[in-house]
Amino acid sequence: MPSEVTLLLNAYREGDQSALNDLTRLIYPELKGMARRRSSGSALGATTLVNETFVKLLSGGQVCADDRQQFFALAATIMRRVIVDEIRYAAAAKRSADGISLDEERVADETQASAEFLIEVDRVLDLLEAEDPRLAQAFECRYFAGFTVAETAESLAVSERSAERFWSAARARIAELMRDSS
């Protein structure tokens with residue numbers, strides 16, 4: 001039996017504009033939970049991250065997902081992009097800023113190291129996606145969206161055991177790709 005999210009996605013795709021409002025009320029708390037559990041290194045708050053994700057999800061006038069699983073997998077991918085874009089923007093702004101005090105610089109260095117790490121993770125995740133999209137998606141769900149194993153399994157439409165194996169394999173491959181690139 002299709003989930004309520006799936007039914008609302010189908011209704012919205014068929015032209016029922018009220019379905020979007022119902023869908024928003026239904027998924028907003030879940031997206032907010034995802035945003036709260038996301039990786040550190042981003043200055044975005046949970047509300048801002050959810051709003052940016054929602055804007056990008058709806059940017060084409062349609063939600064490009066057929067069911068709940070696809071929707072939340074897509075949301076995880078978009079959250080990753082929003083976080084990495086924000087980090088790149090902040091890094092560019094930092095390079096152009098003048099007049100930073102020593103204390104501000106020390107704090108910025110820690111934030112910068114975390115930001116650089118996330119940008120590197122994003123880069124090697126693109127490499128992993130070319131090798132094995134399912135492993136990349138599992139990593140994206142767990143690392144960037146903060147999904148639990150059960151949520152990742154649902155998003156990938158696999159068993160929890162498979163989701164755990166994908167997560168483990170993805171972490172190992174990401175670590176290997178990062179070692180190889182340094």
* To do: Residues being surrounded by fewer than 23 Cβ atoms within 10 Å (Cβ to Cβ) and in a helix (DSSP H, G or I): count how many of those fall in segment 137-149.
  => 3
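Quick one: would you say Leu102 is surrounded by 14 or more Cβ atoms within 10 Å (Cβ to Cβ) and either closer than 19 Å to Ala73 by Cα or at pLDDT below 50 (or both)? Can you show your working first?
Working: surrounded by 14 or more Cβ atoms within 10 Å (Cβ to Cβ): no; either closer than 19 Å to Ala73 by Cα or at pLDDT below 50 (or both): yes.
In short, no.
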* Could you please tell me which pairs satisfy a Cβ distance under 9 Å, a separation of 6+ or placement on different chains, a first residue in segment 164-182 that is within 13 Å of Tyr143 (Cβ to Cβ), and a second residue that is among the hydroxyl-bearing types (Ser, Thr, Tyr)? => Phe166/Thr152; Trp167/Tyr143; Trp167/Thr152; Ala170/Tyr143; Arg171/Tyr143; Ile174/Tyr143
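The values are calculated or read from the model by the stated rules, or taken from the named source; none is laboratory data. What you are looking at is a predicted structure, and each value in this text was computed from that prediction instead of being measured. FYI the Cβ positions are ideal-geometry reconstructions off the backbone, even for glycines, and counts take in every protein chain you see.
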